[in-house]
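Inspection log for the structure reproduced underneath, given as structure tokens.
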Amino acid sequence: MTLVRSAVYKSSYLLTYLLTYLYADGILLLAPSVNTLQKILHVCKKELDWLDLTINLSKSSCMRMGRRFKVHCSNIVSIYGHEIKWSNSIRYLGVYLTANSVYSCSFSHAKRSFYRSFNAIFGKVGRVASKEVVVELMKKCLPVLYYAIEVCPLNKAHINSLDFAVGSCFSKIFCTKSRETIS
């Protein structure tokens with residue numbers, strides 16, 4: 001991932017920086033205020049126009065983090081008058097970031113994909129080949145669940161939730177409800 005640090009504006013008292021994360025065709029703009037985000041969006045739009053590229057506004061959204069994440073804001077407006085709506089979560093490179101007072105991620109999509117991949121394997125093989133199902137669970141399903149987990153701060157609830165997802169699959173493979181049996 002490329003990290004570009006660029007100056008947004010200068011005043012006699014303050015030099016404000018914003019972070020722009022670029023990867024493939026994804027752009028993530030981080031700004032200290034809504035006003036600064038509006039300004040940097042216009043700067044990015046002008047640069048993209050110069051490169052003959054466009055912003056897909058249907059895939060774009062804004063999200064707030066910090067003490068005031070619950071405060072209602074008017075929508076960000078592009079140069080051409082199209083509004084970018086505010087959202088409680090955004091997806092960037094497969095990771096779901098959530099609006100909160102601190103940086104946080106949502107694992108619900110990862111768990112849903114994990115269960116979907118496990119059920120596809122288990123539905124084909126079943127209990128007759130439990131060793132093979134465990135091998136496939138480790139090779140195919142756990143990477144889906146743990147994708148980009150290192151960029152997300154984990155609290156005890158997240159860890160218990162991920163542990164429960166894996167444990168429930170082992171319970172299904174070995175036909176047991178006892179956590180001690182599969183530990």
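Miscellaneous remarks
- Residue selected from segment 82-99 under the condition open to solvent by 50 Å² or more (accessible area, probe 1.4 Å), assigned to a loop (DSSP other than H, G, I, E, B) and not aliphatic (A, V, I, L, M), by the criterion nearest to Asn155 (Cα to Cα): Asn88
- So Val144, is it in contact with a strand residue (DSSP E or B) (Cβ under 8 Å, 6 or more places away or on another chain), closer than 30 Å to Tyr23 by Cα and β-branched (Val, Ile, Thr): no
- Residue in segment 44-57 that is over 24 Å from Val144 (Cβ atoms), touching a strand residue (DSSP E or B) at 6+ places or on another chain (Cβ under 9 Å) and not hydrophobic (A, V, I, L, M, F, W, C) present: no
- Members of segment 46-81 found to be open to solvent by less than 100 Å² (accessible area, probe 1.4 Å), more than 16 Å from Leu30 (Cβ to Cβ) and more than 19 Å from the chain's Cα centre (by Cα), listed by number: Leu48, Asp49, Leu51, Leu53, Ile55, Val71, Ser74, Asn75, Val77, Ser78, Ile79, Gly81
- Evaluating Ser58 against the criteria (1) farther than 20 Å from Ile40 by Cα; (2) of a type in the set (S, T, N, Q); (3) not in a loop (DSSP other than H, G, I, E, B) leaves one unmet condition, (1).
- Within segment 156-181, the residues that satisfy the criterion of being assigned to a helix (DSSP H, G or I), over 29 Å from Ser104 (Cα atoms) and not small (Gly, Ala, Ser) are Lys172, Ile173, Glu180, Thr181.
The values are calculated or read from the model by the stated rules, or taken from the named source; none is laboratory data. Because the structure is predicted, anything quoted here is derived from the model rather than measured. Positions of Cβ are backbone-derived with ideal geometry, glycine not excepted, and every protein chain shown enters the neighbour counts. Ligands, DNA and RNA are excluded from the accessible area calculation, which covers all protein heavy atoms including side chains. Shrake-Rupley method; radii C 1.70, N 1.55, O 1.52, S 1.80 Å.
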